[in-house]
1. List the trypsin sites (Lys or Arg not before Pro) in segment A:13-47 that DSSP assigns to loop (not H, G, I, E or B) and whose Cβ has at most 15 other Cβ atoms within 10 Å. Which are they?
2. Mind giving me the nanometre distance, one decimal, between the label points for A:LYS145 and B:LYS37, set 7 Å out from Cα along Cα→Cβ?
3. Hey, what number do you get for chain A at 222 nm if only DSSP H runs of n ≥ 4 count, each worth -39500 (n - 2.57), divided across all residues, to the nearest 500?
4. May I ask you to list the trypsin sites (Lys or Arg not before Pro) in segment B:266-322 that are in a DSSP loop and have at most 14 other Cβ atoms within 10 Å of their Cβ?
5. Can you say what percent of the DSSP beta bridges in segment B:124-289, counting only those with both residues inside, are antiparallel? Round to 5.
6. Would you look at the GNM of chain B, springs on alpha carbons closer than 10 Å, and say which of B:LEU200, B:LEU153, B:LEU89 moves the most?
7. Would you look at the GNM of chain A, springs on alpha carbons closer than 10 Å, and say which of A:PHE46, A:PHE137, A:PHE62 moves the most?
8. How long are the semi-axes of the ellipsoid equivalent to segment B:124-289, from square roots of 5 times the Cα gyration tensor eigenvalues, in whole Å, largest first?
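Just so it is clear, none of the values below were taken in a lab; they were calculated from the coordinates. Not measured: the values here are computed from a predicted model. No Cβ is skipped: glycine too gets one built from the backbone with ideal geometry, and neighbour counts run over all protein chains shown.
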Amino acid sequence: MFKEMVINSVKEMDDFAKKVGKTVFPGYLLCLEGDLGAGKTTFTKFLGASMGITDMINSPTFTIMKIYEGTLDLNHMDVYRLSGIGMDYDLEEYVYGDGVCVIEWYKNIIESLPEEKLVIEIKIIDEFKRLLKIEGFGKYEEIVKKISN
Amino acid sequence: MIILSVESSCDETSVSIIRDGINVLSNIVLSQIDIHKAYGGVVPEIASREHIKGITMVFEKALNIANIKKDEIDLVAVTKGPGLIGSLLIGVNAAKAFAFSNDIDIVGVHHIAGHIYANALTKDLVFPLICLVVSGGHTELILMKEHFDFRKLGETMDDAVGEAYDKVARTVGLGYPGGPLVDELAFTGEPNYKMPDISLGKTYNFSFSGIKSHVINLVHNIKQRNEEINIPDLCASFQETVSEVLVTKSIRAIEEYDAKMFMIAGGVAANKGLRKKIDERINNVEVIVPEFKYCTDNAAMIGVAGYYQYLKTKKTDNMRLNGSSRIDLV
Ligand SMILES: Nc1ncnc2c1ncn2[C@@H]1O[C@H](COP(=O)(O)OP(=O)(O)OP(=O)(O)O)[C@@H](O)[C@H]1O
Ligand SMILES: [Mg+2]
């Protein structure tokens, strides 16, 4: 299942993240792609807020992973630096854990990720406008429909 | 009181022995920086392995150089977070094993408390004080009214300062870690590029993702017009805006809380542009910057923080002490 949609503002990104937040379950795997500054972390902040996390969610780039405890934990990763290295075993248990796992720059570890996942690519159109390319595999096919209208 | 302290939250394996929170008897730091350089940054799994390889040797060396016996140690202090989870666990488990087998109490210490207390090795702290914590992973403005009493006035809502520097460097192709290079180039350029307002009004929070996006768009647009980017000017413009917001909010906090002392802590404390601006603008309170050897991660600072933490709380942890990738200072 593949869908495209245009987001015109930060507010619309928030609304979109809220829709995604309604579909999460333990073990949820969401992969994000998009250039520097595309809005991957911004989206994840909104998603975490919609999951009820009240702690400040900020960029995981430096530590590669930040864990936020909640009804469902949010495991927020940025694997930009694992380019050419691949999956890190210190991270693996969180990818397969029972929280919600969001991975920025997921392509760097794609070989070690499960088939079944939700992939959202964010393309910068201009300052505030983004094109989202949403693809779901396995049980995530249904979810694409739910979040893209 | 003699404390043995352990730090392993990122890419330095370090053990220190310190008396009364001030006399550093030994401070051994085994850096992995050369190993990670090839990967453009710290790789968690490799860091964990290197910590395992080095930790026993670092413990032994710290004990030997301090020339004390294990039964003279009163307390073990260890970084419990934040940091890389696998790396933290090695320090925490080594510290627990050492404490357990020698029947010594243990306390888990917050990494940022350590960076703040690195300054206490330079000068006695005077309260109230404001501390600006700036590093690759942190940007926080902290108020302390007395020893080991932290109040977070604000923090970054997205990228940390050091991270924003590295990302700007990446955008203009300066390589990794580009932050120090941006700082250097900034001194050879003029702040001619217009940067967005990142002051966010009255809050003490910071946001650097907006200026990051702005730089990315700017570079993209210049390239589309087939024009040359003036990299030194871009660095100067970025540095001016970023250091301005850091210093302006610090000054506002100093005034609002009537601070007697201002200090910076963390890796970006070495940034020359920031230091220059602090020199120019903050002169009505005492300013301390950490000694260079205590700017980067080290166990001595954890020993100092652990000392004041214990004095204040009289609390110790037990063998259930665990590492955590993300914990709040307050
Ligand atoms: N429609 C939008 N959706 C998301 N972010 C937007 C939008 N419009 C503008 N922005 C801005 O773009 C920036 C996105 O930065 P963010 O740190 O989220 O990007 P990122 O994809 O995580 O980058 P990095 O690769 O550095 O981790 C923010 O400053 C945000 O406010
Ligand atoms: Mg990000």
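1. Working: sites: A:LYS18, A:LYS19, A:LYS22, A:LYS40, A:LYS45; in loops: A:LYS22.
Hits after loop and neighbour filter: A:LYS22.
2. Using points 7 Å along Cα→Cβ, the separation is 5.6 nm.
3. Working: 4 runs with 37 residues, N = 149.
Result for chain A, helices only: -7000 deg cm²/dmol.
4. Working: sites: B:LYS272, B:ARG275, B:LYS276, B:LYS277, B:ARG281, B:LYS293, B:LYS312, B:LYS314, B:LYS315, B:ARG320; in loops: B:LYS314, B:LYS315, B:ARG320.
Loop-located and lightly packed - B:LYS314, B:LYS315, B:ARG320.
5. 55
6. Judging by the Gaussian network model, the answer is B:LEU200.
7. Of A:PHE46, A:PHE137, A:PHE62, the Gaussian network model singles out A:PHE62 as fluctuating most.
8. Working: eigenvalues 184, 42, 36 Å².
Largest first, segment B:124-289 gives 30, 15, 13 Å.
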